[in-house]
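The values are calculated or read from the model by the stated rules, or taken from the named source; none is laboratory data. What you see is a predicted model, and the numbers here were worked out from it, not measured in a lab. Because the Cβ atoms are built from the backbone with ideal geometry, glycine has one as well, and the counts that use them run over all protein chains shown.
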Amino acid sequence: MTAATVPAAARRVPLTGPARLLRLELRRNPMLWMLPLLAALFWLGVYRPALANPPFWNVRATALQHALLFLGPLLAGVTAWAGSRDGRRGLTDLVGVTAVPRWTGQLASWAAATCWAEAVYLGGVAVVYGITAEQARWGGPLWWPVAVGAAGVATCCALGFAAGALLPGRFTAALAAVVVFLALGGGAFAMQNNNTYAQIWPLDVQGPFPTDSYGIFYPYVPDLAIAQVMFLAGIAVAALGALGQTARAGGRGLRVAAAAVTVAGLAAAGTAVGLAGTARLEAHGIVIPALHDAASDRPVPYTPVCSHAAVPVCLQPAYRGFLPAVSAAVSPTLGALAGLPGAPVRVTQVAVTSVVQGTGNSVGLGGPVVVGRPPVLFLPLAGLPLPGEPGTTATQFTSTLRMQVGPPVLNDLVGLSNSAGLQPGGGPGAVFGQSATSPRTAAQRAVAAALAQDAGLLPALRPASGPRPSGKWQVWPGRGAYLARGQQAAVAVRFAALPAAVRHAWLAAHLGPLRAGRVTLSEIP
Amino acid sequence: MTAARVGHPAPESATRPARPASPLRAGRRMVRLHAASRQVLSSLIVLVFAAAALGTALHWLPRTGVLAREIPLTIEAGAAAVIGVATRSPFGDPERVTGRWLPWLRLAVNVALAAAALGALAAGSATAHLSGGAVGLLRDLAGFTGIAWLAAALLGGGLSWIGPMAYLGVTLPALTGHWTTPWIWPARPPDDRGAAICAALVFAAGITVTTLRGARDSVRE
């Protein structure tokens, strides 16, 4: 370059030292060359699985937070490569005497790499959310999972860069990538064994809750996400602060400041882990008392979408597309019961009916329940494989839901408890929960079995012939029929064979006594 | 020679007239220097740590599930990345134009490191249940190593780890999504012949390319 060419460069906007350094790093950073690979990994690991699922904002947001697993290791490796540049090229002494403190230069290099990485991540977020906005029928984007993902990207870059700068070597980049991968994978293992402190794992969205169970009926509970962002930011700040404590980083004042930054970062990360330790599972997400906003506990108002059947089915608008399938699942059971005293007059979708913390990082979600006067069937759909999810067809969904909804409704109708009554499933095994039968429950079982057959919950009933386990209603695989012994089965077969109108009329007149256990088998037509 | 040594008298051996060495001795010295230039000893140490990490992880991991596959795969990919990084030459063109035995040296070092990685990881997993077993370990490690060598030829030895780590990222959706393509061999059962052939092909391609051409020399390194 000659002096004559200098004025041409002077036309650019003048930048101060660090900003100019950042612009240089942005143009020369190795992350730039990784963008196609990162984009491909995002497409394979995030975009494709996310778009393969129904267009729920919570499902898509969860996939976006999980993007860290696909991007994080490579980001750590590439930034370690960038961070070790001076050491690899033997330039440490040379760059240590420049006008800008070395720490500032390193921060500029990290910031450039992080900018490119965030551009990939946020670009992917924009694409996924843009498509979801066109497909989704209700709701809006969840930003907290994206914030955790973005913080995780910056943290992976910071950890990798610090490793490369502090331990420059041939294997540093590779090992940084492997360690980040192991840390992210090991977090899943920790989650299985510890449901308190391990919740801080940045791939954990709402603990054991299914991905479609939060952020629809109630606002997304951001408590855990806040703690995770605090944790990730603390780790990143500590790693970057550690860079400034080497002798070449700058003057004494700068090193003291870097030490303070490191301590602050570690304190933030430690506080976040402590907060995660106070997390508890509640009905709509993970709650951390110190971070919880009571506004998250207020339900989100919405106008349900309802079918126009004899027993209307009302769903949250986000599930509008599943209304025909849900109606097809519940109609065979509820349609035959319409008008009977105690039968559900409406089906209303709810977020959950009950939540029980299981062992490890698991949760037990309650099934459908019939509550109130007039009775309403409260139906949770969270956690069910929905039509459109990989491997689930509308027919499979309808069949699964029918088997879940039918038994509790019929048990409630005839007065059987769910533990003693018809069992959900419909597979081989016991039809009823308890094998012992009292005279009080014999009639209830016979009626429930007949109604279940009519609703398609059981195949054709027939009484057992020959020696069978006494008194047990069992499905015998390969025989295509449910068998029972003795009078109960005979009554059930007889009652099921009645015309629907006759059966309905008898039930309308006798449901009260049947529920109270005052009807005997001989009184059933 | 570093700056610290400037001004010191040269070692006596440097001033002594060169003595003709026997071919065996010269060959041994060439192998030793080649191994030193590729940091083979450091690679072996890292592989031993990888084996220890695998053994430790297998004691804690569940026996089934995605996690039981993914963590060992990560360690295998790490071992392959180390083998790939070891192909980096600090000399570049001078070595290429003067090293008549260079392809054989590359082949020897690559095969030795791959065998050492297999032995170390097999030893590390010997006392615990490894999902996929020893056959799966052989197939997956061979495939990862082949990818690392191909990446070394394409990107340079220092960046060859990108290959196995990117491939590892691809295996995640393959494991959870039950992909059936044999080219994602970690997602296939250990007795899947197609997956084994694909891994073997990648290994063969990788070792052929790095033996004949070596890792790409990049001025950026």
Problem set entry | Every residue from the stretch A:156-184 that is without any contact (Cβ under 8 Å) to a residue 40 or more places away in the chain and among the small types (Gly, Ala, Ser) | A:Ala183
For this session: State which residue is modelled with the lowest pLDDT when the search covers only the stretch A:159-185 and only residues that are under 30 Å from A:Arg280 (Cα atoms) and facing chain B (nearest Cβ under 7 Å).
Result: A:Gly185
Problem set entry | Among (1) more than 13 Å from chain B (Cβ to nearest Cβ); (2) outside any loop (DSSP other than H, G, I, E, B); (3) without any contact (Cβ under 8 Å) to a residue 24 or more places away in the chain; (4) aliphatic (A, V, I, L, M) - the single one A:Val59 does not satisfy | (3)
For this session: Residue by residue through the stretch B:151-195, note down the ones that are within 14 Å of chain A (Cβ to nearest Cβ), aliphatic (A, V, I, L, M) and under 24 Å from B:Leu113 (Cα atoms).
Result: B:Ala151, B:Ala152, B:Leu154, B:Leu155, B:Leu159, B:Ile162, B:Met165, B:Ala166, B:Leu168, B:Ile184
Problem set entry | Residue identified as within 18 Å of A:Ser307 (Cα to Cα) and either of a type in the set (A, V, I, L, M) or crowded, with 22+ Cβ neighbours inside 10 Å (or both) among A:Val326, A:Val363, A:Val409 | A:Val326
Exercise. So which of A:Gly425, A:Gly388 ends up being modelled with pLDDT under 80 and away from chain B (no Cβ under 14 Å)?
Worked result: A:Gly425
Exercise. Does A:Gly335 satisfy being closer than 30 Å to A:Gly105 by Cβ and at pLDDT below 85?
Worked result: no
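Residue-wise test of (1) touching a residue at least 40 places away in the same chain (Cβ under 8 Å); (2) closer than 30 Å to A:Leu381 by Cβ.
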position	(1), (2)
A:Leu64	yes, yes
A:Thr79	yes, no
A:Ala82	yes, no
A:Ala108	yes, no
A:Leu122	no, no
A:Ala126	no, yes
A:Gly130	no, yes
A:Ala133	no, yes
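Yes/no matrix, rows are residues, columns are (1) over 30 Å from A:Pro301 (Cα atoms); (2) hydroxyl-bearing (Ser, Thr, Tyr); (3) crowded, with 17+ Cβ neighbours inside 10 Å:
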position	(1), (2), (3)
A:Ser109	yes, yes, yes
A:Ala119	yes, no, no
A:Val125	no, no, yes
A:Ala133	no, no, no
A:Pro145	no, no, yes
Problem set entry | Hits in the stretch B:119-130 (condition: surrounded by 16 or more Cβ atoms within 10 Å (Cβ to Cβ) and either free of Cβ contacts under 8 Å to residues at least 24 places away in the same chain or in contact with a Ser or Thr (Cβ under 7 Å, 6 or more places away or on another chain) (or both)) | B:Ala122
For this session: For the stretch A:80-154, please list each of the helices (runs of 4 or more DSSP H) lying entirely inside it that holds at least 2 residues being over 20 Å from the mean Cα position of the chain (by Cα) and among the acidic types (Asp, Glu).
Result: A:102-135
Problem set entry | Matching strands (runs of 3 or more DSSP E) fully within the stretch A:234-318 where at least 3 residues are in the same structural domain as A:Gly207 (by TED's automatic domain parsing) | A:280-282, A:285-287
Seminar exercise, completed: Wholly inside the stretch A:342-423, strands (runs of 3 or more DSSP E) that include 3 or more residues that are hydrophobic (A, V, I, L, M, F, W, C) are A:369-371, A:376-380
For this session: Answer yes if at least one residue in the stretch A:266-282 is among the charged types (D, E, K, R) and either farther than 30 Å from A:Arg503 by Cβ or in contact with a Gly (Cβ under 7 Å, 6 or more places away or on another chain) (or both), and no otherwise.
Result: yes
For this session: Just give me the residues in the stretch A:12-30 being part of a helix (DSSP H, G or I) and away from chain B (no Cβ under 12 Å), in sequence order.
Result: A:Gly17, A:Pro18, A:Ala19, A:Arg20, A:Leu21, A:Leu22, A:Arg23, A:Leu24, A:Glu25, A:Leu26, A:Arg27
Seminar exercise, completed: Restricted to the stretch A:186-218 and to residues being aromatic (Phe, Trp, Tyr) and more than 9 Å from chain B (Cβ to nearest Cβ), the residue surrounded by the most Cβ atoms within 10 Å (Cβ to Cβ) is A:Tyr214
For this session: Of all residues in the stretch A:274-290, count the ones that are more than 17 Å from A:Tyr218 (Cα to Cα) and surrounded by 18 or more Cβ atoms within 10 Å (Cβ to Cβ).
Result: 3
For this session: Answer yes if at least one residue in the stretch A:201-209 is under 14 Å from A:Gly277 (Cβ atoms), in the same structural domain as A:Leu232 (by TED's automatic domain parsing) and touching a Gly at 6+ places or on another chain (Cβ under 7 Å), and no otherwise.
Result: yes
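Residue by residue, here is whether (1) within 8 Å of chain A (Cβ to nearest Cβ); (2) more than 23 Å from B:Pro173 (Cβ to Cβ); (3) at pLDDT 85 or above; (4) over 14 Å from the mean Cα position of the chain (by Cα) holds:
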{"site": "B:Leu47", "(1), (2), (3), (4)": "no, yes, yes, no"}
{"site": "B:Leu58", "(1), (2), (3), (4)": "no, yes, yes, yes"}
{"site": "B:Ala81", "(1), (2), (3), (4)": "yes, no, yes, no"}
{"site": "B:Val85", "(1), (2), (3), (4)": "yes, yes, yes, no"}
{"site": "B:Pro90", "(1), (2), (3), (4)": "no, yes, no, yes"}
{"site": "B:Asp93", "(1), (2), (3), (4)": "no, yes, no, yes"}
